[in-house]
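Below: the structure, in structure tokens.
The values are calculated or read from the model by the stated rules, or taken from the named source; none is laboratory data. Everything quoted here is computed from the prediction, not taken from an experiment. So basically every Cβ, Gly included, is an ideal-geometry build from the backbone, and we count neighbours across all protein chains shown. These area figures cover heavy atoms from the full protein model, side chains too; ligands, DNA and RNA do not enter into them. Shrake-Rupley method; radii C 1.70, N 1.55, O 1.52, S 1.80 Å.
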Amino acid sequence: MGNSKWLVAALFGSVILWRHDVEAMWAAMGSVVNVMLSLKLKRILNQERPVSTLKSDPGMPSSHAQSIFFAVTFAVLSIIEWLGINEITIAIGVLALAFGSYLSWLRVSQLFHIVSQVVVGAVLGTIFSILWYLSWDAIVLKAFISSFWVQAIVVLGAAGFCLDFLVHIVCYWLRDEDEISK
């Protein structure tokens, strides 16, 4: 697993620890669902990577770019909601998008993806992030406030998704370590 996925996982972990509220859990759950969407699309599209000997799984879309742009977009939308649109939030947004673009471009420069795989991943991550972000205020928040069962489902669902993702990351990391040591 690349460093950018660790960065995204660490970012969401930090947000949950810092904010420790249901909206942070909603964001983290969205990140996990976004990764699941990316993995499913890779299987469906089954497009080879530019150098198939580097990684054996399909390359379309770039799950790194999709994860990075989900996180960047969610962060930018959150900052704009918190501080409004002004010079500071515009500067933060531009810097975040530039950083996300740079991290995504690394996937092309290291021959893990072609440009179209990274662009598709970035676009999908951005669109999914916007939809996930907007769904909180438009659908989930009202139901969450008015129903204990919705609260339980959202909190337990988010915790379950995040725990499952953590287990997946650790298993993936251990498998990579085994392959390196052979």
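Numbers for the structure displayed
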item	result
Residues (closer than 24 Å to Ile80 by Cβ and in contact with a Ser or Thr (Cβ under 9 Å, 6 or more places away or on another chain)) located in region 94-118	Ala96, Leu97, Gly100, Leu103, Ser104
Residue match in region 44-59 (condition: part of a helix (DSSP H, G or I) and in contact with a Phe, Trp or Tyr (Cβ under 7 Å, 6 or more places away or on another chain))	no
Of all residues in region 90-112 being at pLDDT below 90 and of a type in the set (Ser, Thr, Tyr), the one that is surrounded by the most Cβ atoms within 10 Å (Cβ to Cβ)	Ser104
Matching residues, region 64-89, being open to solvent by 10 Å² or more (accessible area, probe 1.4 Å) and farther than 18 Å from Leu134 by Cα	Asn86, Glu87, Ile88
Hits in region 28-59 (condition: among the β-branched types (Val, Ile, Thr), at pLDDT below 85 and open to solvent by 40 Å² or more (accessible area, probe 1.4 Å))	Val51, Thr53
Test: residue in region 68-83 that is at pLDDT below 90, not β-branched (Val, Ile, Thr) and not in a helix (DSSP H, G or I)	no
